[in-house]
1. List the pair-distance distribution P(r) of segment 37-97, using every Cα-Cα distance, as the percent of pairs falling in each 5 Å bin from 0 up to the bin containing the longest distance, rounded to whole percents.
2. Between 77, 12, 158, where does the largest GNM mean-square fluctuation fall for the chain, given springs only between Cα atoms within less than 10 Å?
3. What percentages, rounded to whole numbers, describe P(r) for segment 90-207 computed over all alpha carbon pairs with 10 Å bin width beginning at zero?
4. Among (1) 17.2; (2) 20.8; (3) 17.8, only one was calculated for this model; which label is it, if the read-out is Kirkwood radius over Cα pairs in Å?
5. When N is the residue count of segment 1-48, what does its C-alpha Rg come to as a fraction of 2.2 N^0.38 Å?
6. Translational D (Stokes-Einstein, µm²/s) of segment 158-207 at 20 °C and 1.002 mPa s when Rh comes from the Kirkwood sum over C-alpha pairs?
7. Which whole-angstrom value gives the distance between the alpha carbon centres of segment 160-193 and segment 58-111?
8. Place a point 7 Å from Cα of residue 64 in the direction of its Cβ. Which residues in segment 84-106 have their backbone N less than 19 Å from it?
Amino acid sequence: MTIQLKINSVSGEEAGNVDLSDRNFGADFNEPLVHQVVVAYQAGGRQGTRAQKNRASVRGGGAKPWRQKGTGRARAGTIRSPIFTGGGRAFPASTRNFSQKVNKKMYRSAMRSILSELARQDRLIVVDELVMEPPKTRALVSALDRLGAQTALIILAGDNPGVALSARNLGAVSVCHCREVNPVRLIRHEKVLMTAEAAKNIDEALR
């Protein structure tokens, strides 16, 4: 089964249709799965490298600071105790791995769900090609205005430095290769604009 998506030209006119798999661009929206995959993806980006030292890890403190009896002070065995300045932390933060396991089947199903919902909401725009030679931010803004995608993720099938240079000063526009598409990028923008070749590559990768 295939589904047809309209192809637009940069001028905003209709330029035909592209046939894509109904399984990838016509699936039902599974909100719990999408939420789980997005949270797992963001958790995988956390460093978790914070670390503090406990009393055993702090350098020094080998000698008893004062004798056990007769001084009138507490019985202290080391000046690296948490109650002393320069001592270790009582409950130190340690390195932590925040990554969550997501099966490949779950990840692909979430990607299909997001792409299908974008297509249903008319937030997925397919263009025949997008070339900016020479790079011009003003020309890219005009093209996006004609396509109704002022805030958009632009997905390309190949290296296109002209588009990347034209969009780097636009805070609401991001550019990526079709191999770099992930769930967080897809749901972050109001519109997703991809070339017909990029749509076919994504469709092939999800099969």
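1. Computed distribution, short to long bins: 4, 17, 17, 14, 12, 9, 7, 7, 5, 4, 3, 1, 0.
2. Comparing 77, 12, 158 in the GNM, the peak value goes to 77.
3. The distribution over segment 90-207 is 13, 42, 26, 12, 6, 2, 0, given as percents.
4. Label of the calculated value: (2).
5. 1.77
6. D, rounded to a whole number, is 180 µm²/s.
7. 42 Å
8. So the set is 84.
Bear in mind that the values in this text are calculations on the coordinates, not laboratory data. Being a predicted model, the structure only gives us computed values, none of them experimental. Note that we place each Cβ from the backbone using ideal geometry, even for glycine, and neighbour counts take in every protein chain shown.
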